[in-house]
Amino acid sequence: MFLIPHDWLNRTLLLAVAISASVYVSPAQAAHSADESLLSVMHTEPDSLYAQKLKSVLYLGGGDRSPWFHLGALYAIEEYKIPVDSIVATSWGAWMGALWSLGVSIDDLQRLMLDPAIVDFVGVNTIQDKTEHNAFNLPVSVEGIPSLRERFSFFADTAGHIYRSMHALVPDTASIERSLSRLRFEESLYRQRGDFRIPFTLQTCDSIIENPTYADIISSLPLAGNEQSGELCPYLSLPLSNNLREMPLIVVADPVRYELEGGAEVRTIKNNVLSGLSESQGTFIRAHSVRDTSRKAMIQAGFSAVERSLRGMVPLLERRMDYADKQKSQPWFEFNPTFDSLSSEHHSAVASYWNPKDTGFAAPSNFAYSISAKAPYDTVSFNMQPDGDVLIDVGVHPTVDVAVGGFGSNVNGANAYGEISLNYVNQMEIYLKLAGFYGTASYGFRPRLEITNLISRRWLFSFGYDLMNLSILKAFENDYVPYGNRFEKEKRNDLFLSAKYDIDDMQSVEIKFLFASHEFELSPAAVPSYDFFDDETLYYGNTSSHYKTNPATQTVRYSLRKGDANPWFSSGGFSADALFGMNLIGYGFHQRGPIYGIYALDGRYSFAPTRNTSVTLGAATGFDAYRDGGGFVFPKTFENVAMEDRYRLHVAATPWSEDWLDPELSTHGYAMLRLNGGVERHGFGAWLSFAYVHDFEDKTTAKLNTNKFVFEPALRYKYRSFTVYAGLNRIVDTETFGDIKDFKNYRYFIRIGDYNLF
């Protein structure tokens with residue numbers, strides 16, 4: 001017969017009470033546990049020796065919001081210095097437990113969980129997540145001419161069979177965010193220098209892994225693509241057998257009174273595991289109920305659950321553990337990308353999207369969003385390697401776009417639009433577009449070829465051809481176009497090529513060459529029927545209504561842009577453009593005008609004073625002239641007012657001013673101040689544009705003087721490429737400024753689509 005010391009008896013009773021308070025057990029199990037507890041204390045070892053031999057094992061499982069509950073439990077364990085001799089975990093508990101066992105301080109762990117790249121994914125099951133875009137339901141082109149667009153990707157299998165699949169018009173931002181979050185979860189482990197300070201074991205669906213690799217831990221997380229996630233099995237980390245020398249501390253994030261979440265499969269798994277908790281023995285750290293499931297509330301619930309279970313941990317508290325010795329967890333300063341998974345024809349093109357100047361997590365984030373914005377690329381995935389390198393895989397497939405739509409205005413009528421384009425990558429990126437339109441007054445064919453990555457991604461080479469026949473609607477011409485400026489039609493054959501170089505994300509330089517052939521048919525009202533001579537204007541009598549010109553233009557443009565690039569409806573940012581060019585206009589038989597220069601500066605600044613409002617301030621100047629003797633003179637090349645205005649500069653004073661060649665805004669030299677702003681919400685907006693234009697050329701054919709004011713109130717609706725802009729426009733000068741209040745003489749306009757035919 002053994003003698004049981006009085007203090008050991010009290011401790012045994014206290015332990016029994018604590019265990020019974022932690023989890024419900026059946027009477028038979030309680031009797032069995034009491035026998036085992038009695039046997040465990042029927043020895044002659046001193047108390048301190050028994051406490052030293054009793055090892056604690058912390059079990060961390062998964063579940064919705066479980067990382068935040070685990071965080072609160074770990075805070076309490078450190079606060080009360082509860083010793084943890086080893087950790088067994090799965091799913092979210094594996095990530096939390098691994099970081100803590102590696103020596104990451106609890107505060108650093110919380111800061112990591114709040115990282116913008118992963119905070120929305122911590123404690124969330126994304127195994128069965130789907131993409132977020134719904135572009136297939138309403139496939140409106142994102143930009144360009146208003147149209148409905150279908151995009152197809154083509155790919156081949158190893159047997160050579162070619163398959164076609166629908167491709168989204170917009171990047172799948174949900175997929176991108178999931179890829180980036182996975183990389184951050186991986187990086188959070190790989191950034192730690194050293195081995196597990198506390199022995200760590202990973203429970204998976206089919207094995208027990210001691211000292212697992214970081215890849216094993218990530219595979220246990222409920223992330224998209226992890227078919228063997230610990231969230232599916234075993235869901236909770238529980239002791240596999242009873243060991244009298246171990247005290248299990250089992251953390252269960254799901255409260256007792258809890259409505260299960262997730263899909264049918266996940267709910268079934270949770271229900272089966274939770275209903276069998278009574279078969280496990282140990283100290284359960286679990287809340288009875290949690291009404292508020294916010295992050296802060298779950299942290300507090302985990303902390304409180306440990307406090308309520310302290311009575312069951314009395315034997316452990318005799319050897320308190322100090323957790324002050326923790327390491328600082330520093331994020332990766334620079335990622336080293338590898339593209340070994342890509343084929344040789346795609347390698348250089350994909351690698352060019354990685355900016356070597358980007359550091360930290362901005363590098364993979366900028367890469368993912370920049371490459372996903374291009375049509376040939378779709379899925380992006382990151383996989384961190386044991387040496388710290390990031391293996392990057394990108395889906396690259398030829399894509400074909402088919403689009404049909406329309407555009408127009410009360411100036412050039414309604415026009416049907418069609419387009420087919422190809423995006424292809426093979427060492428370089430090739431974009432070929434065949435587009436055309438046909439309308440009530442005009443038609444055109446406009447093919448384009450763009451090549452990038454020929455030298456580097458910063459270079460863009462463009463080739464284009466315009467075959468167009470343009471006419472102004474008779475109704476608009478009769479109401480608003482002066483008799484001397486009317487055209488029956490203009491036929492164009494324009495060939496251009498350009499090379500653009502992006503200096504950085506804000507600056508670019510473009511050189512462009514244009515070789516054109518233009519034919520004009522003037523209205524009878526624009527053809528003089530009598531001889532006329534004027535030394536100032538050099539107009540001679542000419543009754544011909546047909547003109548043919550062969551302009552050749554070379555221009556260099558420097559651009560500086562930040563923020564929204566829209567010149568009229570920007571919500572924030574600024575831009576500056578400087579243009580220098582040379583132009584030569586050939587006309588008639590063996591006739592050539594002088595080679596003259598084109599010079600222009602244009603800048604704007606946009607800001608949002610309040611939500612849903614924006615204001616844009618702008619200034620511009622431009623002139624074309626050639627040097628003649630001691631100074632510069634404006635070029636005069638034609639004997640007709642309409643033709644002279646056609647080749648003058650055209651002042652973009654307001655959004656609608658770009659839609660037609662207004663004689664009052666056609667000049668060889670000008671300076672301008674612009675102001676426009678509006679209120680816009682959910683695509684609907686009201687806008688007001690105002691411009692002051694000083695004309696350096698005092699044209700005798702102009703009705704207004706050299707100081708002109710343009711006023712344009714309008715309404716606008718925009719959804720992707722579909723835009724409707726309608727309103728009123730009026731131009732006055734200093735003498736007629738009071739007429740700005742006379743709305744009867746305003747010009748009415750309606751414009752569908754953002755386009756530029758002139």
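From the square roots a ≥ b ≥ c of the eigenvalues of the alpha-carbon gyration tensor of the chain, which class results: rounded (a/c under 1.5), prolate (a/b over b/c), or oblate?
Prolate shape, in that a/c is at least 1.5 and a/b is the bigger ratio.
Using a 1.4 angstrom probe and counting only protein chains, how large is the accessible area of Met166 in Å², to 10?
90 Å²
Mind giving me the FRET efficiency for Phe515 and Gln427? R0 is 45 Å, r the Cβ-Cβ distance, nearest 0.05 is fine.
0.95
Can you give the net charge of the other residues whose Cβ lies under 14 Å from the Cβ of Ser381, counting K and R as +1 and D and E as -1?
Neighbour charge sum, excluding Ser381 itself: -3.
Take every Cα pair under 8 Å in the chain that's 6+ residues apart, average their separations, divide by the length, and report that relative contact order as a whole percent.
Computed over the chain, the figure is 10 percent.
Between segment 621-638 and segment 61-75, what is the C-alpha centre distance in whole Å?
Value for the Cα centre distance between the two parts: 76 Å.
If you bin every alpha carbon distance in segment 77-195 into 5 Å steps from zero, what whole percent lands in each bin?
In whole percents, the pair-distance histogram is 2, 8, 14, 15, 12, 11, 9, 8, 7, 6, 4, 3, 1, 0.
Sort segment 209-266 into rounded, prolate or oblate with this rule: let a ≥ b ≥ c be the square roots of the eigenvalues of the Cα gyration tensor; rounded if a/c is under 1.5, and if a/c is not under 1.5, prolate when a/b is larger than b/c, oblate otherwise.
Oblate.
Near Gln192, within a Cβ-to-Cβ distance under 13 Å, what is the net charge of the other residues, with Lys and Arg +1 and Asp and Glu -1?
+1
When the chain is fully extended, how far beyond the present Cα-Cα distance does Arg193 get from Thr613, taking 0.36 nm per residue of separation?
So the chain would gain 146.2 nm between Arg193 and Thr613.
Explain nothing, just compute: Karplus ³J(HN,Hα) = 6.51 cos²θ - 1.76 cosθ + 1.60, θ = phi - 60°, for every residue of segment 328-340 in order, whole Hz, x for Gly and Pro.
For segment 328-340, the Karplus-derived couplings read 7, 9, 9, x, 5, 6, 9, 8, 10, x, 10, 10, 5 Hz, x marking Gly and Pro.
About the Cα centre of segment 171-317, how large is the charge dipole given +1 on each Lys and Arg Cβ and -1 on each Asp and Glu Cβ? Please answer in debye to the nearest 20.
About 660 debye.
Pull up all non-local amide H partners of Asn676: gap of 5 or more, or a different chain, and H-to-H distance under 5 Å with H placed in the peptide plane.
Placed amide hydrogens put Thr616, Phe690 under 5 Å from Asn676.
Roughly to the nearest percent, how much of the accessible area of segment 143-234 is carbon and sulfur, given a 1.4 Å probe?
For segment 143-234, the apolar C and S fraction of the accessible surface comes to 53 percent.
Sort 322-328, 602-608, 658-664, 679-685 by packing, meaning the average of other beta carbons within 10 Å per residue, with the highest value first.
658-664, 602-608, 679-685, 322-328
Leaving out ligands, DNA and RNA, and with a 1.4 Å probe, what % of the accessible surface on segment 394-529 is carbon or sulfur?
It is 62 percent, rounded to a whole number.
Taking a ≥ b ≥ c as the square roots of the eigenvalues of the Cα gyration tensor of segment 167-324, is the shape rounded (a/c under 1.5), prolate (a/b larger than b/c) or oblate?
Prolate, since a/c reaches 1.5 and a/b exceeds b/c.
Once each part is reduced to its C-alpha centroid, what is the distance from segment 671-727 to segment 397-460 in angstrom?
Result: 28 Å between the Cα centres.
Stretch Glu735-Tyr80 to full length: gain in nm at 0.36 nm per residue minus the Cα-Cα span?
227.2 nm
Which value in nm describes the separation of the simple spin-label points at Thr213 and Glu143, placed 7 Å from the Cα toward the beta carbon?
4.2 nm
Could you give me the ³J(HN,Hα) list for segment 139-149, computed from phi with Karplus coefficients 6.51, -1.76, 1.60 and θ = phi - 60°, whole Hz, x at Gly and Pro?
x, 7, 3, 5, 8, x, 5, x, 6, 8, 10
Enumerate the calculated ³J(HN,Hα) couplings along segment 219-230 in order (Karplus 6.51 cos²θ - 1.76 cosθ + 1.60, θ = phi - 60°), each rounded to whole Hz, writing x wherever the residue is Gly or Pro.
With coefficients 6.51, -1.76 and 1.60, one gets 5, 7, 6, x, 9, 4, x, 8, 6, 9, 4, x Hz.
Report the calculated FRET efficiency for Glu150 and Lys53 (r = Cβ-Cβ distance, R0 = 60 Å), to the nearest 0.05.
The computed FRET efficiency comes out at 0.25.
Contour minus end-to-end for Lys548 and Ser341, with contour as 0.36 nm per residue of separation and end-to-end as the Cα-Cα distance?
Result for the pair: 68.9 nm of gain on full extension.
Give me the 1.4 Å probe accessible area per residue for the chain, excluding ligands and nucleic acids, in Å².
Solvent-accessible surface per residue comes out at 48 Å².
How far apart, in nanometres, would the label points at Asn469 and Phe632 be if each is projected 7 angstrom from Cα along the Cα-to-Cβ direction?
4.0 nm
Per the Cauchy relation, a quarter of the hull surface: what is the mean projected area of the convex hull of the alpha carbons in segment 259-373, in nm²?
In nm², the orientation-averaged hull projection of segment 259-373 is 14.1.
Distance in nm between label sites at Leu715 and His682, each 7 Å beyond Cα in the beta-carbon direction?
So the two model labels end up 1.5 nm from each other.
Once neighbouring chains are kept in place and the probe is 1.4 Å, which whole percent of the accessible area of segment 242-316 is contributed by carbon and sulfur?
Looking at segment 242-316 in its full context, I get 45 percent from C and S.
The values are calculated or read from the model by the stated rules, or taken from the named source; none is laboratory data. All values reported here derive from a predicted model rather than from experimental measurement. Neighbour counts are summed over all protein chains in view; Cβ atoms, including those assigned to glycine, are modelled from backbone coordinates with ideal geometry. The protein model used for the area step is the full one, side chains on, heavy atoms only, and it has no ligands, DNA or RNA in it. Shrake-Rupley method; radii C 1.70, N 1.55, O 1.52, S 1.80 Å.
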